[in-house]
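Asks: I have a structure I would like to understand better, so I am pasting it below and will then ask my questions one at a time.
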Amino acid sequence: MLCVIGALAIGAIGGGAAGNTERRRRIARELIKGGIAAKRKMEAAASTAVAGTRKLVEEARAELDHTGTEPQN
């Protein structure tokens with residue numbers, strides 16, 4: 001659904017700018033820059049999540065090594 005809405009928005013913008021090449025290039029450049037910025041933010045969030053998960057795993061391992069016992073099932 002979001003892909004369809006995005007395609008409609010891009011089509012509407014492209015249709016409105018059909019007569020002006022420089023305007024189309026500017027709009028396309030802004031859309032691309034927005035996509036790159038969104039990708040960078042997603043990568044940063046993913047890196048933060050991975051780092052947090054690794055820290056939790058290290059803490060759990062250290063706790064098990066410190067107590068010398070493992071949980072019983």
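Asks: Does ARG26 count as at pLDDT below 95, in a helix (DSSP H, G or I), closer than 19 Å to ALA12 by Cα and not acidic (Asp, Glu)?
Replies: Yes: the conditions hold for ARG26.
Asks: Looking at the stretch 30-57, which of its residues are of a type in the set (Lys, Arg) and more than 30 Å from ILE10 (Cα to Cα)?
Replies: ARG54, LYS55 - these are the residues of the stretch 30-57 that are of a type in the set (Lys, Arg) and more than 30 Å from ILE10 (Cα to Cα).
The values are calculated or read from the model by the stated rules, or taken from the named source; none is laboratory data. Because the structure is predicted, anything quoted here is derived from the model rather than measured.
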